[in-house]
Structure formats: C-alpha cells, structure tokens
1. Filter the range 1-39 down to the residues that are touching a helix residue (DSSP H, G or I) at 6+ places or on another chain (Cβ under 7 Å), among the hydrophobic types (A, V, I, L, M, F, W, C) and within 19 Å of N93 (Cα to Cα) and list them by number.
2. When you go through P27, P4, P72, P54 one by one, which is the residue that is over 12 Å from the mean Cα position of the chain (by Cα) and either closer than 30 Å to A122 by Cβ or among the hydrophobic types (A, V, I, L, M, F, W, C) (or both)?
3. Among A107, A88, which is within 10 Å of the chain's Cα centre (by Cα), on the phi < 0 side of the Ramachandran plot, touching a residue at least 12 places away in the same chain (Cβ under 8 Å) and surrounded by 17 or more Cβ atoms within 10 Å (Cβ to Cβ)?
4. Exactly one condition in (1) surrounded by 19 or more Cβ atoms within 10 Å (Cβ to Cβ); (2) more than 18 Å from P152 (Cβ to Cβ); (3) among the hydrophobic types (A, V, I, L, M, F, W, C) is not met by I94; state its number.
5. In the range 23-58, what residues are assigned to a helix (DSSP H, G or I) and within 19 Å of G75 (Cα to Cα)?
6. What residue, of G132, G83, is at positive phi and loosely packed, with under 15 Cβ neighbours inside 10 Å?
Amino acid sequence: MSSPDTVPDLEWYQKKSKAIGGAPRCPFAALRRCPKYYSSVWVMGEHGGAAKIPESTDKELLKYWEQIDLWPIPGELEPVAVGPPNDAHIFWNICPEVSYDRFGHFASHLYQYADEIDLDCAHKALSASHAGSNDWRWTWSGLTPQHYSECPMYSQLLAGVKEVSGSVAPTKGRIGF
C-alpha cells in the first residue's frame, strides 16, 4: 500500500523511468505486446466503466494470446475487478499503464472507500490538511504504486518469447516487434 506522500502520477512515473534509464512509458503497453495489458484493458471494459474491446477484436486477440507461451497469465497475476459490472470498486493486478489511462494513477492495486461515510471522513481530513487535487486519497482508500519495470510480466517480455510453430500469429523475438 502506498504512503500518502507518494503520488503515482506521470511526473513520478517518468522520474522512475529516468532513474533506471528506461523509456518514459512502458514499451509493451499495447494489446498485442503484453498479455497483462490486454487482460487489464478487458477487465476495465467489463467492470471498470471503460470502453469495451469490440467482440470481434477481443476474439482475435484472445486467439493471438493463446498461441503465445506467456498465456495464460498465472492466476495470482491475473487482473481482477471486484464489484458490479461497470462499477467495480477494487482492482488487483492491473497494468499500471491501464490504471493511469483509466484513473490517472500508475498503480497495480486500487481500493475505493467502503462507503460514503468513509469517503466523507477522508474528504474532510484531506480538506483540513490542504491535500492537493492530485492526491489519490480523494478517490481511493488505498493503492499500490507500480512502475512498469516492477511488473512481473516486464522481464519476461524483455526476454522475448519462443516462436510458436503453426501459430496463427507466429512470433519471433520479442512480442509485437
């Protein structure tokens, strides 16, 4: 869980990227480059109130990923949303690039307040402390910041995947390249 002093916004993310000598944003953040990105976009479309992947494209992408040796994503790393469709309130294992695009914070785990009473109490405390508008606590009771280099899938993608014989979408070298 994050310290309130850590605001995992674009400035924080790019500072971390610069510190490791990496790209400013994840080079694998695309539907055909990373299975976790694809799964996170799918979860957000089904439960997070974001636009859904069109059904025909989703079927094509699923078929593509089923041919790659990084699929399926192990259950403990699979992106998950908890709550009613289009109104989930807890997200686990979300690609930080997807969480930023949807919620404005680079985080792998995000937890909304349990109810309006908790949210109201938090807002009063944040107002009293003059918290900035980019403070994640205005929306979330907790989150876990994550840089792409900390994602378990990232090192596997850097190493590339083996060619899959007979694949509809054969892959050589790194995914998406």
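1. Listed by number, the residues that qualify are V7, C26, F28, A29, A30, L31, C34.
2. One residue alone meets the criteria, P4.
3. Values: A88 fails: within 10 Å of the chain's Cα centre (by Cα).
Result: A107 is the single residue among A107, A88 that is within 10 Å of the chain's Cα centre (by Cα), on the phi < 0 side of the Ramachandran plot, touching a residue at least 12 places away in the same chain (Cβ under 8 Å) and surrounded by 17 or more Cβ atoms within 10 Å (Cβ to Cβ).
4. It is condition (2) that I94 fails.
5. P35, K36, Y37, Y38, S39, S40, V41, W42, V43, M44, E46, H47
6. Numbers: G132 fails: at positive phi.
Result of the check over G132, G83: G83.
For (1) within 25 Å of M44 (Cβ to Cβ); (2) modelled with pLDDT of 95 or more; (3) under 24 Å from the mean Cα position of the chain (by Cα), each residue gets a yes or a no:
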{"residue": "A122", "(1), (2), (3)": "yes, yes, no"}
{"residue": "A128", "(1), (2), (3)": "no, yes, no"}
{"residue": "W138", "(1), (2), (3)": "yes, yes, yes"}
{"residue": "E150", "(1), (2), (3)": "yes, yes, yes"}
{"residue": "L157", "(1), (2), (3)": "yes, no, yes"}
{"residue": "K162", "(1), (2), (3)": "no, no, no"}
{"residue": "S165", "(1), (2), (3)": "no, no, no"}
{"residue": "I175", "(1), (2), (3)": "yes, no, yes"}
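A quick yes/no check of all residues on (1) at pLDDT below 95; (2) over 20 Å from H147 (Cβ atoms):
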site: V41; (1), (2): no, no
site: E46; (1), (2): yes, yes
site: L62; (1), (2): yes, yes
site: D69; (1), (2): yes, yes
site: N93; (1), (2): no, no
site: L119; (1), (2): no, yes
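The values are calculated or read from the model by the stated rules, or taken from the named source; none is laboratory data. Since we're looking at a predicted model, the values are computed, not measured. For neighbour counting, all protein chains shown are included, and Cβ atoms are generated from backbone atoms with ideal geometry for every residue, glycine included.
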